[in-house]
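For reference, the structure discussed in these notes is given below.
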Amino acid sequence: MLMILLSVAGACAYGVADFLGGLASRKAHVLRVVVISAPASLAIELVLWPVLGAAWNAGSLGWGALSGVASAFAFSLLYLALSIGPMSIMAPITAIVSALLPAVVGLVGGERLSVAGLIGIPVAVGAIVLVTVSRTSAAVSLKAIIVAVLAGAAIAVQLITLDAAPHDSGVAPLIVGRTVSSLLVFSVVLFVRTSDKGKVPVVVAAAAGCLDSLANLLFLLAAREGMLSISAVIVALYPAATVVLAAVVLKERIRRSQWLGLAAAATGVILLASS
């Protein structure tokens, strides 16, 4: 049950973080937003270091570094997707990819689910699909869809590599990952000229990074407590929070099918909790 609670909390944190990151990227170039979000995320993990501890071994350094590379791509691609397409469509597309890849890796790696769990995964994925259905009048370009799929793949790699780090390494993989992702983003910004799209909403961008850091921690704790195939799928339900916020703040309409998807998401969590 603790794994389920941690995963649900992680999903909520990811959903709010993605909404804020996408919102900030609509007002300024995505790289300028990530330059603020990534270090803010690292700062949270450094604060948690004395509380949760960290073991600096080869496993935590190696897997943490790989997660950092994936994180840099995930940050940039996800915020870009959310800034060029409707959030109520972009977020669920990334979630479907980020849910399926870790689930497959977990099951291939030997994780065994009960009947309820085997039913819960497709129900949860189906929920993401339903939440995705939106007859919005806004045009969704092929570019936006491709970016969203790539963002989902980057998120999946980040989750898989974090789970692969030694379970007794504390927050070391997170700190290493955020350090690598921050350095990569800074390096890109030095060599890539960004359009002066507008002033970066610093507080919003920093809040997105802090919440993303919290979400990563919650996922890591959940995966260590239970199975990757379950925790990753539950965490991938984060579009529910993004979609609700997009409806409340941006006035994006939530259709009946999307409400059904939110209900299906709750059902999927209950099934996975009983597995």
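The values are calculated or read from the model by the stated rules, or taken from the named source; none is laboratory data. Predicted model, so just to flag it, every value in this text is computed and none were measured. Ideal geometry is used to build each Cβ from the backbone, glycine not excepted, and the neighbour counts take in all protein chains shown.
The set of residues in segment 16-41 that are buried (at least 24 other Cβ atoms within 10 Å of the Cβ) and not hydroxyl-bearing (Ser, Thr, Tyr) comprises 17, 18, 19, 20, 21, 22, 24, 30, 33, 34, 38.
Condition check for residue 56 on (1) at pLDDT 90 or above; (2) part of a helix (DSSP H, G or I); (3) in contact with a helix residue (DSSP H, G or I) (Cβ under 7 Å, 6 or more places away or on another chain): one failure, at (2). Taking the criterion of being at pLDDT below 80 and touching a helix residue (DSSP H, G or I) at 6+ places or on another chain (Cβ under 6 Å), the residues of segment 242-268 that qualify are 242, 243, 246, 252, 254, 257, 258, 261, 262, 265, 268.
Could you look through segment 209-261, keep only residues that are surrounded by fewer than 21 Cβ atoms within 10 Å (Cβ to Cβ) and acidic (Asp, Glu), and pick out the one that is nearest to the chain's Cα centre (by Cα)? By that ranking, first place goes to 225. Just one residue in the set 236, 246 is under 25 Å from residue 119 (Cβ atoms) and not hydroxyl-bearing (Ser, Thr, Tyr); that residue is 236.
The residues in segment 81-91 that are crowded, with 24+ Cβ neighbours inside 10 Å and modelled with pLDDT of 75 or more can be counted, and the count is 2.
Taking segment 153-167 only, how many residues are in a helix (DSSP H, G or I) and either on the phi > 0 side of the Ramachandran plot or surrounded by fewer than 24 Cβ atoms within 10 Å (Cβ to Cβ) (or both)?
Just the residues of segment 153-167 that are in a helix (DSSP H, G or I), to begin with: 153-164.
From the residues that got through so far, the ones that are either on the phi > 0 side of the Ramachandran plot or surrounded by fewer than 24 Cβ atoms within 10 Å (Cβ to Cβ) (or both) too are 153-154, 157, 160-161, 164.
Residues that pass the stated criteria total 6.
In segment 50-61, how many are more than 11 Å from residue 176 (Cβ to Cβ), in contact with a strand residue (DSSP E or B) (Cβ under 8 Å, 6 or more places away or on another chain) and either surrounded by 13 or more Cβ atoms within 10 Å (Cβ to Cβ) or aliphatic (A, V, I, L, M) (or both)? Adding up the residues that qualify gives 2. Restricted to segment 11-53, and to residues there that are touching a Ser or Thr at 6+ places or on another chain (Cβ under 6 Å) and either at pLDDT 90 or above or in a loop (DSSP other than H, G, I, E, B) (or both), the residue that is nearest to residue 247 (Cα to Cα) is 26. Count of segment 168-208 residues, restricted to those that are in a loop (DSSP other than H, G, I, E, B), loosely packed, with under 15 Cβ neighbours inside 10 Å and at pLDDT 80 or above, is 1.
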